[in-house]
Amino acid sequence: MTVSDNTALFEFLLRQGDNALVLGHRTSEWCGVGPVLEEDIALANTALDLIGQTQLWLALAGEVEDKGRDANDLAYFRDPYDFRNLLMLELPNEDYGRTIMRQFLFDAFQVPWLTALQESNDKRVGDIAAKSLKEAMYHLERSAETVIALGDGTDESNSKMQQALEFLWPYAGEVFADDENDVSVASKGIAPLPSSIHDVWNSTINRTFSEACLKRPESQFAHSGGREGFRHTEHLGHMLATMQTLQRSHPGATW
Amino acid sequence: MYAQMVKSTGKSVQALDDMSPEERAFQERIDRGEKIEPKDWMPDAYRKNLIRQIGQHAHSEIVGQLPEGNWITRAPTLERKANLLAKVQDEAGHGLYLYCAAETLGVSRDELFEMLHSGKMKYSSIFNYPTLTWADMGAVGWLVDGAAIMNQVPLQRTSYGPYARAMVRICKEESFHQRQGYHIMMTMANGTPEQKRMAQDALNRFWYPALMMFGPSDKDSVHSAQSMAWKIKMNTNDELRQKFVDETAPQAEFLGLSIPDENLKWNEERGNYDFSEPDWDEFYNVVSGNGPCNVERLEARKKAWSDGAWVREGMMAHAEKKAMRKQAAE
């Protein structure tokens, strides 16, 4: 591969790793304060899976970059503009409804996406996808069931879930907006175009929302800026300030 | 060990001859080392005492998630973050086993939560102390889980079957947590001067609160004798505290850290360490609500419970609707 090939692959890997890192971090914020003990445990499981996936994607990113950075260097020593996660994933948890709705919108993409990535020309990518897919399938099963339960629960829980959906909806489409990097990795057979996942995602969410008595918003608008790192939300800086504090305050220390 | 000062009948232990035939048969089963199971006859006081003890233990597990949860978002590496998250998740799991064990005695989890929130039931005093640096994650694992293990290992042989079985599972995980905590301490103690300072500071702050976890001295403990006769308490508070000091002092030395006690010294004659008693006034203050974090800890639990009400109600409503739909279809 040439240098530019590696740059596109590196970007691609950061996108995968940062999505897992940022959502894993947000989900870990629930530990100890979940709505019910079983849910506390389940949210921690999801966060643990995502942190594990982060380690795999970012380790490979560091290897591909070949500048001696490992997964921890990439997680703890990059500034917000170098993060490549979707905007939706960095938004504060706010309430449980928003947390589980976001998880569902993401899982509904991740399952077909990782399924396709298993066929990557790059075996290292395929291997990580295969391992992550097992976890993502379980996450989707659980998040979809919970969205259905709460949508179909009480008037209050239905209204909370509908509000969560409307709040998140303008962020949900960011993942499908193919850019040059996507075209570059797709042309090499590393990954499909994200837009190719749109139909499957639509059918998953339509089916789930119908069962959950939730109304899919009509707007086609989607915010952008996260996966290119061009314009994150104000929240990512705060999240990283918390997450990176020890490493940044004590450079060179071993933990 | 997360049960301290569990109130018992307050009466002295009855002699076998003074017992009713049922009570006597019950006590003899315990003396023979048999396990008491949920459907077996048991004296009302045994049941009530166990509910208080197991409930307090369960509450300690879930309140205990908070001081460590305080550092999950700031864990310094991805590995440490995953380990800490898994540890705090284990504590939620321990809470779950213990609430289930308590439920076998005829009290619901919701009732127990209600008693925690209203202040009728306590949790261990240790969780009312703040976690201020990353080294506290080491100190909590090493000292707090270490102290808990001292008490919980013997409780695997406790007379009440569901409690004993919960303890077997819990102990396996706790000893792993303790090693993990000690490893954090070792890394810090061998680290930069700032890290060493954090490690020593954490030990200074957690040493006496850890000793308090065993409860007041036996000579001041009015609840011990009956609980020991029923084998729901297996050792005296002082025995366990001594054992803890004897095991921990050499570990601190190995780390190159100083235990904040001038009187800590190996006593050749006794074959134990001599050590200073913790400040029991501080202990009674913490137990009665004046610890550094009592108010915040309880507020955090109550907030989580009330914020989650719509979720629990929504899930219940859906489950009922689903059951009705299924019934209608049949």
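The residue that is nearest to the other protein chains (Cβ to nearest Cβ), among those in region A:70-97 that are open to solvent by 20 Å² or more (accessible area, probe 1.4 Å) and over 24 Å from B:Arg80 (Cα atoms), is A:Asp95.
Every residue, every condition in (1) assigned to a loop (DSSP other than H, G, I, E, B); (2) within 25 Å of A:Val36 (Cα to Cα), yes or no:
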position	(1), (2)
A:Glu141	no, yes
A:Thr146	no, yes
A:Gly153	yes, yes
A:Ala172	no, no
A:Val175	no, no
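A:Asp66 fulfils the conditions (1) at positive phi; (2) within 14 Å of another protein chain (Cβ to nearest Cβ) except for a single criterion, (2).
Okay, residues lined up against (1) open to solvent by 50 Å² or more (accessible area, probe 1.4 Å); (2) more than 18 Å from the chain's Cα centre (by Cα); (3) among the polar types (S, T, N, Q):
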| position | (1), (2), (3) |
| --- | --- |
| B:Pro21 | yes, yes, no |
| B:Phe26 | no, yes, no |
| B:Arg29 | yes, yes, no |
| B:Trp41 | yes, yes, no |
| B:Leu50 | no, no, no |
| B:Gly69 | no, no, no |
| B:Thr73 | no, yes, yes |
| B:Gln89 | no, no, yes |
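Residues in region B:198-208 include none that are open to solvent by less than 50 Å² (accessible area, probe 1.4 Å) and within 30 Å of B:Val13 (Cβ to Cβ). Is it fair to say A:Leu50 is under 13 Å from the mean Cα position of the chain (by Cα) and open to solvent by less than 30 Å² (accessible area, probe 1.4 Å)? Answer is yes for this residue. Tell me which residues, restricted to region B:141-165, are open to solvent by less than 10 Å² (accessible area, probe 1.4 Å) and aliphatic (A, V, I, L, M). Correct list: B:Leu143, B:Val144, B:Ala147, B:Ala148, B:Leu155, B:Ala164.
So that you can scan it fast, the table gives a plain yes or no per residue for (1) open to solvent by 80 Å² or more (accessible area, probe 1.4 Å); (2) more than 26 Å from A:Val183 (Cβ to Cβ); (3) at pLDDT 95 or above; (4) assigned to a loop (DSSP other than H, G, I, E, B):
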| residue | (1), (2), (3), (4) |
| --- | --- |
| A:Leu214 | no, yes, yes, yes |
| A:Glu218 | yes, yes, yes, yes |
| A:Arg227 | no, no, yes, yes |
| A:His232 | no, no, yes, yes |
| A:Leu236 | no, no, yes, no |
| A:Leu246 | no, yes, yes, no |
| A:Pro251 | yes, yes, no, yes |
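Screening B:Lys265 with (1) farther than 30 Å from A:Asp155 by Cβ; (2) within 14 Å of chain A (Cβ to nearest Cβ); (3) of a type in the set (Lys, Arg) gives one miss only, at (2).
Please specify each residue of region B:56-66 satisfying the condition of being open to solvent by less than 10 Å² (accessible area, probe 1.4 Å) and within 14 Å of chain A (Cβ to nearest Cβ). Result: B:Ala58, B:His59, B:Ser60, B:Glu61, B:Ile62, B:Val63, B:Gly64, B:Gln65.
Just give me the residues in region A:151-183 being within 21 Å of A:Leu89 (Cα to Cα), within 13 Å of chain B (Cβ to nearest Cβ) and open to solvent by less than 20 Å² (accessible area, probe 1.4 Å), in sequence order. Residues satisfying the conditions are A:Met161, A:Ala164.
Scanning region B:74-93 for residues that are closer than 17 Å to B:Val140 by Cα, within 7 Å of chain A (Cβ to nearest Cβ) and either in contact with an Asp or Glu (Cβ under 6 Å, 6 or more places away or on another chain) or not in a helix (DSSP H, G or I) (or both) gives B:Pro76, B:Val88, B:Ala92. Inside region B:135-193, residues that are in contact with a helix residue (DSSP H, G or I) (Cβ under 9 Å, 6 or more places away or on another chain) and not in a helix (DSSP H, G or I) make up a count of 7.
Screening A:Ser210, A:Ser184 for residues that are free of Cβ contacts under 8 Å to residues at least 12 places away in the same chain and more than 19 Å from the chain's Cα centre (by Cα) leaves exactly one candidate, A:Ser210. Residues in region B:94-127 that are open to solvent by less than 10 Å² (accessible area, probe 1.4 Å) and either hydrophobic (A, V, I, L, M, F, W, C) or at the interface with another protein chain (Cβ under 10 Å from one of its Cβ atoms) (or both): B:Gly95, B:Leu98, B:Tyr99, B:Ala101, B:Ala102, B:Leu105, B:Leu112, B:Phe113, B:Leu116, B:Ile126. A:Gln55 meets each of the listed conditions (1) in a helix (DSSP H, G or I); (2) closer than 21 Å to A:Ala191 by Cα; (3) more than 9 Å from chain B (Cβ to nearest Cβ); (4) open to solvent by 10 Å² or more (accessible area, probe 1.4 Å) apart from (3).
The values are calculated or read from the model by the stated rules, or taken from the named source; none is laboratory data. Everything quoted here is computed from the prediction, not taken from an experiment. Cβ sites come from the backbone with ideal geometry, for glycine too, and all protein chains shown count toward neighbours. All accessible areas refer to the heavy atoms of the entire protein, side chains included, with ligands and DNA or RNA removed. Shrake-Rupley method; radii C 1.70, N 1.55, O 1.52, S 1.80 Å.
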